[in-house]
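Participant: This is the structure, below, for whatever I ask next.
The values are calculated or read from the model by the stated rules, or taken from the named source; none is laboratory data. Quick caveat, the model's predicted, so the values are computed rather than measured. Glycine gets a Cβ as well: all are built from the backbone with ideal geometry, and neighbour counts include every protein chain shown. Keep in mind that these areas ignore ligands, DNA and RNA; they rest on the heavy atoms of the full protein, side chains included. Shrake-Rupley method; radii C 1.70, N 1.55, O 1.52, S 1.80 Å.
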Amino acid sequence: MNSVPQVTCRTRSRRPLWFFVGLGVAGLVLAVARLVGTGGVPDRWVAAGACVLVPIGFVGMYGLAVRVHADARGLSYRTLLRRRSVAWGDVADVRVHVQYVRNGELYRVHVVTRGGRTLRLPLPFGTAADDRSEFDATVEALRALHREHGAPESDHLAVLTKGTAGRGLRLPAFLCVLFLAGAVLAACFVPVVAEKKLAWTSAVTCAEGSGRDADCLTYLPAVVERTDVARGKGQSWVYFTGGRPVERVSVSKEGASGFDEGDRVELTVWRRQVREIVGEHHAWREHFPAAGEVTVIAAMSALIAAYPAALIVLRRRARRRPADEMLPSPLPFAGALVGTAVWALPYCYTHPTLVPGSPAGAAWAGAGSLLSVGLFALAWRATRIRTAGADGTPHAPVDAGAEDVFLAARFLEATEYNPNGFGTHIVLGGGEPAVLPHAGPGRFAARPIPVERLTVRSVRRPRGGDGDLVPRSWDIAELDDAGRPVRLAAAPADLARILSAFAADDTPTVAAGSDG
């Protein structure tokens, strides 16, 4: 192994950064000079320009100051505001962390210390759209230094994607707490909304001389002067002649479009606000939300909060698994939440207090709860973390003279029997095993697999670095192809059947018979 003396990473294209620094300095100097020249009176245009140019200057200074250096003593990095160094003996692993940004994927380097703390290096970084050869070379150089001067915990490069076990819990926890807080806040408004709705529906006409402040209904005549129908989602208004009894009332878009200039209407005032405008041909009434509507909002927020909670549970169940191992999909929990919403949301609308008021409501809540418990039990079982190759299904051996059997499988490396990764299936049975770009029938475009060269090293679960073409439910067999590592991915049962066929075909008799 070639020794790597040191690795240094700096920001490329430093000339634009110096230009940004110059802009920032120019903006600051101009603002100070203008402030001194005007005797301390700020100029808003100069101040606005300085507020734009100075942050640009800080961005340039940050890019010029950032540096990552690694040598035999350890790894260090610096930014504009902080410095940090760590010895190789204190480093447990060097990993690649995939961040999902608006324009694609961003690859960053994370260093995990012996104490479990993770340091994110400011450099290097790469994107999925660009050529990552320089990024990969830098990462490999850092790992080579770590192997030579430290003790790595893993013998392969761990790539952490959004579905791996070592992904952080901060974002799911934040979303869970956020939506739970929204659910609690909405639930607190249920009694208030119910009281207001009841007061409105039970209000009666005010007695003479009671005034508009009373908790009763007052009817006032008015004449529509004009209407202002908003475009889009803005407010619409109805104006009244002479500003009597009020100047204008905010209404819905449909409500404003139904009135014309000169229409005689009657206004209903309740709690000092106009709640209804009733004309001869059109009427507008303010919408008072029912308590059930707010309860539905609270229930929806709680159900949404349950999904990031399920992600947290999945990652906690996998806390003893390798950090880059792909976890089962959380979609079964999403299905359980959708099934719960089907019965829970209508129930919450008709029972705002969640207390069944009749035997039918009690049966509804009981049956729905049992359904949800069953759905979540199935989701828990579907997302269990199984051991690679332990599917528990008996596999019948494939007879070399039987009909062709097409199994979905992928070699993840490009080889002479899988050029450019074209293969999507492997055919067994009626001849020697071969790679095909289709699911049959027939062996059109088949490439024979040299099974006599392949040796099975291990079978494992998918990792973050295996790519997006490998479903989470598949297993991966690590093979040795005459000294070259090759990965074969397939469903656990199919992979066991393929490896069994490879072992059966790895004889001179079978190989000779397959040629004819």
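Participant: Counting only residues that are in contact with a Leu (Cβ under 7 Å, 6 or more places away or on another chain) and over 15 Å from Asn418 (Cβ atoms), which one in region 496-505 is most open to solvent (accessible area, probe 1.4 Å)?
Facilitator: Applying the filter and picking the extreme gives Arg497.
Participant: Condition test on Val355, is it under 30 Å from Thr295 (Cβ atoms) and at pLDDT below 90?
Facilitator: So Val355 fits the description; yes.
Participant: OK, next. Kindly establish whether Glu266 is at pLDDT 90 or above and surrounded by 15 or more Cβ atoms within 10 Å (Cβ to Cβ).
Facilitator: Considered against the rule, which asks whether it is at pLDDT 90 or above and surrounded by 15 or more Cβ atoms within 10 Å (Cβ to Cβ), Glu266 comes out as no.
Participant: Further question on the same structure: Restrict the check to region 323-343 and report whether at least one residue is more than 26 Å from Gly464 (Cβ to Cβ) and surrounded by fewer than 16 Cβ atoms within 10 Å (Cβ to Cβ).
Facilitator: Within region 323-343, one or more residues are more than 26 Å from Gly464 (Cβ to Cβ) and surrounded by fewer than 16 Cβ atoms within 10 Å (Cβ to Cβ).
Participant: If I filter region 189-198 down to residues being open to solvent by 90 Å² or more (accessible area, probe 1.4 Å) and without any contact (Cβ under 8 Å) to a residue 60 or more places away in the chain, which single residue comes out as nearest to Ala318 (Cα to Cα)?
Facilitator: Glu195
Participant: Another question about this same structure. Do we have Glu153 as out of contact with any Ser or Thr (no Cβ under 9 Å at 6 or more places or on another chain), charged (D, E, K, R) and free of Cβ contacts under 8 Å to residues at least 60 places away in the same chain here?
Facilitator: Spelling it out, it is not the case that Glu153 is out of contact with any Ser or Thr (no Cβ under 9 Å at 6 or more places or on another chain), charged (D, E, K, R) and free of Cβ contacts under 8 Å to residues at least 60 places away in the same chain.
Participant: I need a count of the residues in region 102-117 that are farther than 18 Å from Gly163 by Cβ and either touching a helix residue (DSSP H, G or I) at 6+ places or on another chain (Cβ under 9 Å) or assigned to a strand (DSSP E or B) (or both).
Facilitator: 6
Participant: Can you run down the residue pairs with Cβ atoms below 6 Å, 6 or more apart or on separate chains, where the first is in region 24-47 and at pLDDT below 75 and the partner is among the basic types (Lys, Arg) and surrounded by 14 or more Cβ atoms within 10 Å (Cβ to Cβ)?
Facilitator: From residues that are at pLDDT below 75, the pairs are Asp43/Arg34; Val46/Arg34.
Participant: Let me ask something additional. Can you tell which of Arg275, Arg226 is under 30 Å from Pro346 (Cα atoms) and either open to solvent by 70 Å² or more (accessible area, probe 1.4 Å) or out of contact with any Cys (no Cβ under 9 Å at 6 or more places or on another chain) (or both)?
Facilitator: That would be Arg275, the only listed residue that is under 30 Å from Pro346 (Cα atoms) and either open to solvent by 70 Å² or more (accessible area, probe 1.4 Å) or out of contact with any Cys (no Cβ under 9 Å at 6 or more places or on another chain) (or both).
Participant: Hey, could you check region 56-81 for residues that are within 30 Å of the chain's Cα centre (by Cα) and open to solvent by 60 Å² or more (accessible area, probe 1.4 Å) and say which is farthest from Val111 (Cα to Cα)?
Facilitator: Per the criteria, the residue is Val59.
Participant: What number goes with the only condition from (1) among the β-branched types (Val, Ile, Thr); (2) modelled with pLDDT of 90 or more; (3) open to solvent by 70 Å² or more (accessible area, probe 1.4 Å); (4) within 26 Å of Arg272 (Cβ to Cβ) that Thr201 does not pass?
Facilitator: Unmet for Thr201, out of (1) among the β-branched types (Val, Ile, Thr); (2) modelled with pLDDT of 90 or more; (3) open to solvent by 70 Å² or more (accessible area, probe 1.4 Å); (4) within 26 Å of Arg272 (Cβ to Cβ): (2).
Participant: State which residue is most open to solvent (accessible area, probe 1.4 Å) when the search covers only region 416-433 and only residues that are in contact with a Leu (Cβ under 8 Å, 6 or more places away or on another chain) and part of a strand (DSSP E or B).
Facilitator: Among residues in region 416-433 that are in contact with a Leu (Cβ under 8 Å, 6 or more places away or on another chain) and part of a strand (DSSP E or B), the one most open to solvent (accessible area, probe 1.4 Å) is His425.
Residues are listed down the side, and each one gets a yes or a no for (1) closer than 28 Å to Ala173 by Cα; (2) over 26 Å from the mean Cα position of the chain (by Cα):
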| site | (1), (2) |
| --- | --- |
| Arg315 | yes, no |
| Arg319 | yes, no |
| Asp324 | yes, no |
| Pro332 | yes, no |
| Leu345 | yes, no |
| Ser358 | no, yes |
| Gly361 | no, yes |
| Leu371 | yes, yes |
| Leu378 | yes, no |
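Participant: Oh, and also: The conditions are (1) closer than 30 Å to Val190 by Cβ; (2) of a type in the set (Val, Ile, Thr); (3) in a loop (DSSP other than H, G, I, E, B), and Thr268 fails exactly one of them. Which is it?
Facilitator: The failed condition is (3).
Participant: Ok, one more. Search region 279-307 for residues that are modelled with pLDDT of 90 or more and open to solvent by 30 Å² or more (accessible area, probe 1.4 Å) and pair each with any residue that is aromatic (Phe, Trp, Tyr) and not in a helix (DSSP H, G or I) when their beta-carbon atoms are under 7 Å apart and the residues are at least 6 apart or on different chains.
Facilitator: Every condition considered, the pairs that remain are His282/Phe259.
Participant: Show the residue pairs meeting these rules: Cβ distance below 7 Å; 6+ apart or different chains; first residue within region 399-416 and more than 7 Å from Gly429 (Cβ to Cβ) and acidic (Asp, Glu); second residue crowded, with 16+ Cβ neighbours inside 10 Å and at pLDDT 90 or above.
Facilitator: Glu413/Val486; Glu413/Arg487
Participant: While we're looking at this one, here's another question. Return the pairs, sorted by first residue and then second, in which the second residue is open to solvent by 40 Å² or more (accessible area, probe 1.4 Å), the first residue lies in region 482-505 and is without any contact (Cβ under 8 Å) to a residue 40 or more places away in the chain, the beta carbons are less than 7 Å apart, and the residues are 6+ apart or on different chains.
Facilitator: Filtered contacts from region 482-505: Ala482/Arg453.
Participant: Return the residue satisfying two criteria in turn: it lies in region 469-494 and is touching a helix residue (DSSP H, G or I) at 6+ places or on another chain (Cβ under 6 Å) and surrounded by fewer than 22 Cβ atoms within 10 Å (Cβ to Cβ), and of such residues it is modelled with the highest pLDDT.
Facilitator: Taking the candidates together, the pick is Asp481.
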